[in-house]
1. Using a Debye calculation, one point per C-alpha and no hydration shell, please list log10 I(q)/I(0) for segment A:275-350 at q = 0.12, 0.17, 0.23, 0.27 Å⁻¹ in order.
2. Treat chain A as a sphere of radius equal to its Kirkwood radius over Cα pairs and apply Stokes-Einstein at 10 °C in a medium of 1.306 mPa s; give the translational diffusion coefficient in µm²/s, rounded to a whole number.
3. Could you compute the FRET efficiency for A:Asn146 and A:Trp117, with r as their C-beta to C-beta distance and R0 at 30 Å, rounded to 0.05?
4. Determine ³J(HN,Hα), in whole Hz, for all residues of segment A:55-66 in sequence, where each value follows from phi through the Karplus function 6.51 cos²θ - 1.76 cosθ + 1.60 and θ = phi - 60°; x replaces Gly and Pro.
5. Count the lysine pairs in segment A:30-90 that are 8 or more places apart or on different chains: how many have C-alpha atoms under 20 angstrom apart?
6. Semi-axes of the equivalent ellipsoid of segment A:108-168: what are they in whole Å, largest first, if each equals the square root of 5 times a C-alpha gyration tensor eigenvalue?
7. For chain A, what proportion of DSSP beta bridges, expressed in % and rounded to the nearest 5, is antiparallel?
8. In the structure shown, do any of A:Lys275/A:Lys311; A:Lys187/A:Lys363; A:Lys155/A:Lys386; A:Lys275/A:Lys371 have a Cα-Cα gap over 21 Å, and if so which?
Amino acid sequence: MIGSYLVVSEMRLCGWVLRSKTIGRVVIVEVSGGDVRPYVLVGKQDVNPDLYKTLSSLPLGSAVCFEGEPAKEQKSKRGTEFEVKSIKVYAEPVEPLPVELVGKVPSLLETRIKYRWLLLRNPVEKAIFRVRQSIVQAAREYLLNNGFTEVHTPKIVAAGAEGGATLFKVQYFEREAYLSQSPQLYKQILVSSIPRVFEITPYFRAEKFNTVRHLNESWGIDVEQGFIEGVEDVMNTLENLVAYIINYVRDRNKEELETLGVELPRVSTPFKRLKFEEAVDILRSNGIEVPEGEDLSDHAERELGKIMSEKGHDLYFIVGFPWQSTGFYYMREEDGYHTRKFDLDFRGLEIASGGQREHRYDKLVEALRLKGLDPANFSFYLEAFKYGMPPHGGFGLGIERLMMQMLGLSNIREAVLFVRDRTRLVP
RNA sequence: GCCGCCGUAGUAUAGCCCGGUCUAGUAUGCGGGCCUGUCGAGCCCGUGACCCGGGUUCAAAUCCCGGCGGCGGCGCCA
């Protein structure tokens, strides 16, 4: 229930019949409308026979609008009651609904995904996507307030960040092109003219995964900032952004969180910084095997998450990844072994990764060669580093993964309206 | 790509191991009846299902093979 609605004396409200119950000569109808909680309409045969008749003959799923005002007596535990002055039925279902929307009968994730557009009438599903909306709004608000410019970069590209194995191919007239798996190279190029940019963007990844935390089309908040003193500047932006988002949702989506049964703690910065070697040591001392020089496995990340949570760190950075496990574009430390790449983990799940980039032209060409890549294939990218590229860095923050951890979703598919995974292309 | 598990009314499930009273049970939905405020209300009646193809057998939802579909784990990564 939105408080402001109660101030207005009369209004027209619309939605779909979610639940209906007749008890003798009283009919109670719940309408899924603009709020998380439904509107509750009550018809009493002895008081208003016409309204009683209309309400009691409404099939579940009917699209209706009604005029009225909030009832003085609020008896329902599930929504806001209204005194109905008039009601109009705009559409009735052609056949009974394929899924039960109230939650009496559980439905499999597969069914939930198939009928997501319909299930959004259910308060729980509605709440998930209202939180998603808030996350995007909070991110945009925070970044705009901190001098970042929102940009849009192409999603049809000639090459990916690191080769073509994980890219979707598309036919681009007589040439072959790909769907962008990351806006990173474009963000970096832009930093040669606009010091701070961000983009809220899809990522397309052609990996044939079938796990609870991968999608083939996902969305991210991608940030790049120039004229940095070091990687800490980038990490500051990320941690403040994440804290802002979580606190924003915590303050503004109380009803959604309550509906989802989620309690979000207030988040404060700075987040813990954990050196990659420290993470490895912690894991090994807890009996978890970690191969030398490689990135952490999912299993290792989850175990680390448990250990860190026990120490009071739900959110923590892992910093200083070995160069052999990272992309060519990360700046290397003097020792040539470590890089300025970091991950941000939230309860054992990587929700963002980024770092300081190599902005020196010669070093970048050298890095490409060392990684066995042909600089000629990156000429459009390299050119941007010739004319005064400032020291810079950035990150990509996965929206669905952030949602998973914030809301305790067990499958990333719950966080997207229309799922694109290994097997789903429709709806 | 590799490994494991699963496919029963619209939805969610029982039954499958040990083949036969399974004429396939239950909940919810849907149709009908009762009840003057339910909160997943309740009570009564009705309705509707064994993924597809082959095999074994006197007999297959149940056992075997293939296909299709789904779920999960691993590698990759946000």
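Each value in this text was obtained by applying a stated rule to the coordinates, not by laboratory testing. Source: prediction; values computed, not measured. Quick reminder, even Gly has a Cβ in these numbers, built from the backbone with ideal geometry, and neighbours come from all protein chains shown.
1. -0.31, -0.61, -1.04, -1.30
2. Answer from the Stokes-Einstein relation: 65 µm²/s.
3. Working from the Cβ atoms, E equals 0.25.
4. Values per residue, Gly and Pro as x: 5, 6, 9, 7, x, 4, x, 4, 8, 9, 10, 9 Hz.
5. Counting lysine pairs in segment A:30-90 gives 10.
6. They are 30, 24, 8 Å, listed largest first.
7. Within chain A, antiparallel bridges account for around 90 percent of the total.
8. Beyond 21 Å: A:Lys155/A:Lys386; A:Lys275/A:Lys371.
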